[in-house]
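Trainee: Shown below is the structure under consideration.
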Amino acid sequence: MKATAEKMDNHEVVLTIEVEADVLKKAEAKACKDLANRVSIPGFRKGKAPRHIIEQRVGKQAILDTAFESVADQAFGDALEEQDMSPVSRPDIEVVTLESDKDVVFKARFTAKPEVALGEYKGLKVEKKVEEVTDEDVDKEIESMRRRRSQMVDATEGAEVKKGDLVTLDFKGFVEEKAFEGGEGKDYPLEIGSNRFIPCFEDQLIGMKVGDARDVNVTFPEEYHSKELAGKPAKFECKIHSIKERQMPELDDDFAKKVSKFQTVEELRADIRKNLEHAAQQKADNDYNVAVIEKATGNITVDIPAVMIENRVTMMIQEMAMRLEQQGMRLEQYLQYAGTDLNQIREQYKKTAEENVKTDLMLEAVAKAEGIKVDGKDLDAEVAAMAVAYGATPAQVRKVVKEQGRIGDLMTTVLRKKTSQFILDNAAK
């Protein structure tokens, strides 16, 4: 096998590959045998018809085409290895010569993975910032615990709506004096301050009493999911039917005993502070790790082919579709609800996709420069972690990975994790 590479614009490469006639001859014999096993020919058992009969039945070209597929696939892989290239797009194959007893010549055009010029990735200095936990933070957590154990009770007669109350109301919306679809509700429950409605809507209900009616004037956000309403002023005719207020439990030692294993409020507060400080440290560690990897990525020089970004966007959309299905929603339903389409989603994802691709290219280049490899122990550790995450056994995870043909993906994931850790271990302390 001989291969020559011609580099074109935009990372496109044309490989001209020549394969010896003997290789094609063997492939033709195998193709003929395979076809004989698949084609029923009167007078012959499957697989027993001679070649000239098979040629009469399916044609010489069919045998040649079948042989070429296996020859080209193997030769293309060998040529990529010889030229040290990795395609990021499917190859476009052009047959130049395909005849029995002659060398096979074909061209493969594809987009190649770009070369990466590494910058600094060792000794990177990033400040780790741990946010201080204040008394106010502890108070907020305490209030959240009280809120979760609160009850909604009928407000006293003549009470006015205030933030935190739960009201039921009728409303009907108008844009340009015309009622619009989806703008009407009867006995609708709404918590004041939940920000479930259009900005400023809930605030204008404050001060109303049961039986009161009021016009609420708002403007739909520019990014509102309904394009017909986005950015337009609207009026809602509202009437309050009931008001419930939140009754919070007393913050005392009895409360602490009910919600925790502690006997006093002070012990509860101390435990909350400890947990918040632990969470703050974890966040600081994670932010630091991300910042170090981002810095290493920012130091490389690379021209990323558009197809790599588009492929990553496609992958991100597929992952989003899977998450939506787990929640019982199809992607098409989500797009309709959000008032958008796939083209807009793809455009929104492009920046993140480009950053992710650039990071992956950096990690691959560092792994190559440092000779970082993945061994059996690394894979076993990753499989064990996946088993814990999915509530399965390592054997079950290995079986799924193998059946789905994702061993290569697993090795790539582990290599990136291992390389990321190498960069973090070598950052400035």
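The values are calculated or read from the model by the stated rules, or taken from the named source; none is laboratory data. Please read these numbers as outputs of a predicted model, since none were measured by experiment. Every residue, glycine among them, receives a Cβ derived from its backbone with ideal geometry; neighbour counts consider all protein chains shown. Note: accessible area is taken over every heavy atom of the protein model, side chains too, but ligands, DNA and RNA are not part of it. Shrake-Rupley method; radii C 1.70, N 1.55, O 1.52, S 1.80 Å.
Trainee: What number goes with the only condition from (1) under 30 Å from residue 226 (Cα atoms); (2) charged (D, E, K, R); (3) free of Cβ contacts under 8 Å to residues at least 24 places away in the same chain that residue 354 does not pass?
Mentor: Going through the list (1) under 30 Å from residue 226 (Cα atoms); (2) charged (D, E, K, R); (3) free of Cβ contacts under 8 Å to residues at least 24 places away in the same chain, residue 354 breaks only (3).
Trainee: Now, a different point. Kindly indicate whether residue 382 is in contact (Cβ under 8 Å) with a residue 12 or more places away in the chain and open to solvent by 60 Å² or more (accessible area, probe 1.4 Å).
Mentor: No: the conditions fail for residue 382.
Trainee: Return the residues of the stretch 397-409 that are open to solvent by 70 Å² or more (accessible area, probe 1.4 Å) and in contact with a helix residue (DSSP H, G or I) (Cβ under 7 Å, 6 or more places away or on another chain); say none if nothing qualifies.
Mentor: 398, 407
Trainee: Let me ask something else. Applying the selection to the stretch 201-243, what residues are in a strand (DSSP E or B), farther than 23 Å from residue 157 by Cβ and of a type in the set (D, E, K, R)?
Mentor: 215, 235, 237
Trainee: Name the single residue that is nearest to residue 120 (Cα to Cα) among those in the stretch 305-361 being touching a His at 6+ places or on another chain (Cβ under 6 Å) and not hydrophobic (A, V, I, L, M, F, W, C).
Mentor: Only one residue tops the list, namely 305.
Trainee: Considering the stretch 62-107 alone, what residues qualify as being among the polar types (S, T, N, Q), part of a helix (DSSP H, G or I) and either in contact with an Asp or Glu (Cβ under 9 Å, 6 or more places away or on another chain) or open to solvent by less than 100 Å² (accessible area, probe 1.4 Å) (or both)?
Mentor: Correct list: 66, 70, 83.
Trainee: If you scan the stretch 108-119, which residues turn out to be surrounded by 15 or more Cβ atoms within 10 Å (Cβ to Cβ) and not in a loop (DSSP other than H, G, I, E, B)?
Mentor: Matches in the stretch 108-119: 108, 109, 110, 111, 112.
Trainee: Residues 172, 162, 178: which one is more than 29 Å from residue 250 (Cβ to Cβ) and touching a residue at least 12 places away in the same chain (Cβ under 8 Å)?
Mentor: The unique qualifying residue is 172.
Trainee: Ok, one more. For residue 88, indicate whether it is closer than 30 Å to residue 296 by Cβ and β-branched (Val, Ile, Thr).
Mentor: yes
Trainee: May I ask you to verify whether residue 292 is over 30 Å from residue 118 (Cβ atoms) and among the aliphatic types (A, V, I, L, M)?
Mentor: no
Trainee: Might you let me know whether the stretch 277-284 holds any residue that is in contact with a helix residue (DSSP H, G or I) (Cβ under 7 Å, 6 or more places away or on another chain) and on the phi < 0 side of the Ramachandran plot?
Mentor: The answer is no; no qualifying residue exists.
Trainee: How many residues, within the stretch 142-193, are open to solvent by less than 70 Å² (accessible area, probe 1.4 Å) and either touching a helix residue (DSSP H, G or I) at 6+ places or on another chain (Cβ under 9 Å) or assigned to a loop (DSSP other than H, G, I, E, B) (or both)?
Mentor: Residues meeting the conditions: 16.
Trainee: Then there's this: Condition check: free of Cβ contacts under 8 Å to residues at least 40 places away in the same chain, loosely packed, with under 15 Cβ neighbours inside 10 Å and not aromatic (Phe, Trp, Tyr). Does residue 393 satisfy that?
Mentor: When the stated conditions are applied, residue 393 passes them.
Trainee: Which pairs do you get when a residue that is under 15 Å from residue 420 (Cα atoms) and of a type outside the set (A, V, I, L, M, F, W, C), found in the stretch 120-138, comes within reach of a residue that is open to solvent by less than 100 Å² (accessible area, probe 1.4 Å) and not in a loop (DSSP other than H, G, I, E, B), reach meaning Cβ atoms under 8 angstrom, with the pair 6+ apart or on two chains?
Mentor: From residues that are under 15 Å from residue 420 (Cα atoms) and of a type outside the set (A, V, I, L, M, F, W, C), the pairs are 120/296; 121/296; 121/362; 121/366; 121/423; 122/423.
Trainee: Shifting gears a bit: For residue 246, indicate whether it is touching a helix residue (DSSP H, G or I) at 6+ places or on another chain (Cβ under 8 Å) and in a helix (DSSP H, G or I).
Mentor: Judged against the criteria, residue 246 is not a match.
Trainee: Determine the pairs where a residue that is over 16 Å from residue 19 (Cα atoms), located within the stretch 74-90, has a partner that is open to solvent by 50 Å² or more (accessible area, probe 1.4 Å) and outside any helix (DSSP H, G or I) with Cβ atoms under 7 Å apart, the partner being 6 or more residues away or on another chain.
Mentor: 86/113; 88/113
Trainee: Now, a different point. Could you please let me know if residue 97 is without any contact (Cβ under 8 Å) to a residue 12 or more places away in the chain, closer than 30 Å to residue 273 by Cβ and more than 34 Å from the chain's Cα centre (by Cα)?
Mentor: In short, no.
Trainee: Quick check on my filter: what residues within the stretch 247-306 are open to solvent by 50 Å² or more (accessible area, probe 1.4 Å) and either touching a Gly at 6+ places or on another chain (Cβ under 6 Å) or of a type in the set (Ser, Thr, Tyr) (or both)?
Mentor: Listed by number, the residues that qualify are 299, 301.
Trainee: Any idea how many residues of the stretch 249-264 are part of a helix (DSSP H, G or I), free of Cβ contacts under 8 Å to residues at least 24 places away in the same chain and not acidic (Asp, Glu)?
Mentor: 2
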